[in-house]
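Before any comments, here is the structure.
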Amino acid sequence: MPEPRSPRPQRGACCAVWARGSTRTRSRPSTNTAALRLFQGQLIPGLLQTPEYTTAVFSLPPALPDETKARTVAARMERQATLYEDGRSFYFVICEHVLRWLICEPVVMAVQLDRLVSLSRLPNVTVGVVPLAGRMPDFPMTCFSIHDDRLVIVETFHSEITTRDPRDMQTYVDTFERFAGVALYGDDMRALVESIRDEFLPQEKRG
């Protein structure tokens, strides 16, 4: 069974330190993680966020103090450098509704979706979007990250859970693969994301 770690007062990426949930300020790929698989059903993963989107995340109640917020946003942006490191691969599966939830101004969301499209073109980054149109393979009950084949981190609203148990890990790998199997990738994914982005733009800025 997974062993819960001590609850932390920070909030973060729902279920995965990459966005928002119980520990918004934590979880990054460790220096020895070669392949990271991350499922996100609530917010844009932290490694893919723009500074403005991250600021909005940490402004949600209970908001961080301004100085702490600024440091936290800067630290998250610095961690995104891992996307460009040799020998690393990243696989993100994101539910479409995440791209539509407004936690910030529409123009900020539009810029965030542009960032998502841009990063999806990196050779070591795979972004899949589970479309609303189509049958869901499972319930997106929680968000989680799989670090190689040795560790799973799950985030709840009040604590972080980690597991190295092979049976537990297989459960999350199977869940990830079910959602990944119905996701859109490449040009199809980018076309969907860009169409959602355009919905956030003023009419005169579209096209």
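From the list Thr54, Thr72, Thr162, which residue is open to solvent by less than 50 Å² (accessible area, probe 1.4 Å), in a helix (DSSP H, G or I) and over 17 Å from Gln42 (Cα atoms)?
Working: Thr54 fails: over 17 Å from Gln42 (Cα atoms); Thr162 fails: in a helix (DSSP H, G or I).
After ruling out the rest, the residue left standing is Thr72.
Identify, by number, the condition in (1) surrounded by fewer than 22 Cβ atoms within 10 Å (Cβ to Cβ); (2) assigned to a loop (DSSP other than H, G, I, E, B) that Tyr91 doesn't meet.
In the conditions (1) surrounded by fewer than 22 Cβ atoms within 10 Å (Cβ to Cβ); (2) assigned to a loop (DSSP other than H, G, I, E, B), Tyr91 misses (2) alone.
Could you list, in sequence order, the residues of the range 171-198 that are open to solvent by 90 Å² or more (accessible area, probe 1.4 Å) and either free of Cβ contacts under 8 Å to residues at least 40 places away in the same chain or not in a helix (DSSP H, G or I) (or both)?
Glu177, Asp187, Asp188
Checking the structure you have, find out if any residue of the range 113-133 is out of contact with any helix residue (DSSP H, G or I) (no Cβ under 8 Å at 6 or more places or on another chain) and in a helix (DSSP H, G or I).
Applying the first criterion (out of contact with any helix residue (DSSP H, G or I) (no Cβ under 8 Å at 6 or more places or on another chain)) to the range 113-133 yields 118, 121, 123, 126, 133.
Adding the requirement that they be in a helix (DSSP H, G or I) leaves 118.
Within the range 113-133, one or more residues are out of contact with any helix residue (DSSP H, G or I) (no Cβ under 8 Å at 6 or more places or on another chain) and in a helix (DSSP H, G or I).
If you go through the range 94-112, how many residues are open to solvent by less than 60 Å² (accessible area, probe 1.4 Å) and part of a helix (DSSP H, G or I)? Reasoning before the result, please.
Taking the range 94-112 first, the residues open to solvent by less than 60 Å² (accessible area, probe 1.4 Å) are 94-99, 103-104, 106, 108-110, 112.
Imposing the further condition that a residue be part of a helix (DSSP H, G or I) reduces the set to 96-99, 106, 108-110, 112.
So the count comes out to 9.
In the list Gln49, Gln42, which residue meets the criterion of being under 23 Å from Val125 (Cβ atoms) and modelled with pLDDT under 95? Explain how you work it out, then say what you get.
Details: Gln49 fails: modelled with pLDDT under 95.
Just one listed residue meets the conditions, Gln42.
The values are calculated or read from the model by the stated rules, or taken from the named source; none is laboratory data. No experiment lies behind these values; they were computed from the predicted model shown. Methodologically, a virtual Cβ is constructed for each residue, glycine included, from the backbone with ideal geometry; neighbour enumeration extends over all protein chains shown. We work out accessible area using only protein heavy atoms, side chains counted, and drop any ligands, DNA or RNA first. Shrake-Rupley method; radii C 1.70, N 1.55, O 1.52, S 1.80 Å.
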